[in-house]
Amino acid sequence: MLTVDHYAKIRLAHRDGMSVREIARVFHHSRRKVREVLTNPQPTPYARTKPAPSPVLGAFMPSSTASSAPTRTPRRSSGTPPCNCIADCATSTVIEANTILFAGT
C-alpha cells in the first residue's frame, strides 16, 4: 500500500526525468503501480468489496445490544468482606451488637 509520501517521491522522480522502469526498480514497485500513481492525482482510499462478515453467533444474538441479561459482577475471593469498607463494617457490627445486648438492661 502506497502512502501520500510514496506518491510524492514517485512523482518527483518522474518529473526529474526518471523513466517508469527506473522508478519501479528504485522504489521497489511494479511498473504497473508506478503508471497508476502517475495517472491518479491522489491515492485511492481503501474500500471493501464485500460487506463485513457477521459474527459467528449473529443469528442467535439479540437485535439490541442492551439486552435484559444481568450484568455480571466480578467474583470476590473467599476471604474478603462483602464491601470494601472493613473499618465501617466492623464498627457498625459492634455497635449494633452492643445495642442489642444492652437494650434490655
task: Considering only region 18-55, state which residues are of a type in the set (D, E) and closer than 13 Å to L2 by Cα.
output: E36
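Across region 7-21, what is the number of residues that are of a type in the set (D, E, K, R), surrounded by 14 or more Cβ atoms within 10 Å (Cβ to Cβ) and more than 14 Å from T39 (Cα to Cα)? Break it down stepwise before answering.
As a first pass, look at region 7-21 and keep what is of a type in the set (D, E, K, R): 9, 11, 15-16, 21.
So of that shortlist, the ones also surrounded by 14 or more Cβ atoms within 10 Å (Cβ to Cβ) come out as 9, 11.
Then keep just the ones that are more than 14 Å from T39 (Cα to Cα); that gives 9.
Final tally of qualifying residues: 1.
Yes/no per residue for (1) surrounded by 12 or more Cβ atoms within 10 Å (Cβ to Cβ); (2) in contact (Cβ under 8 Å) with a residue 12 or more places away in the chain:
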| residue | (1), (2) |
| --- | --- |
| D5 | no, no |
| A24 | yes, no |
| H28 | no, no |
| R31 | yes, no |
| L38 | yes, yes |
| P43 | yes, yes |
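Each value in this text was obtained by applying a stated rule to the coordinates, not by laboratory testing. These numbers were taken from a predicted model, which means no experiment stands behind them. A quick note on method: Cβ atoms are made from the backbone with ideal geometry, for glycine too, and the neighbour counts reach across all protein chains shown.
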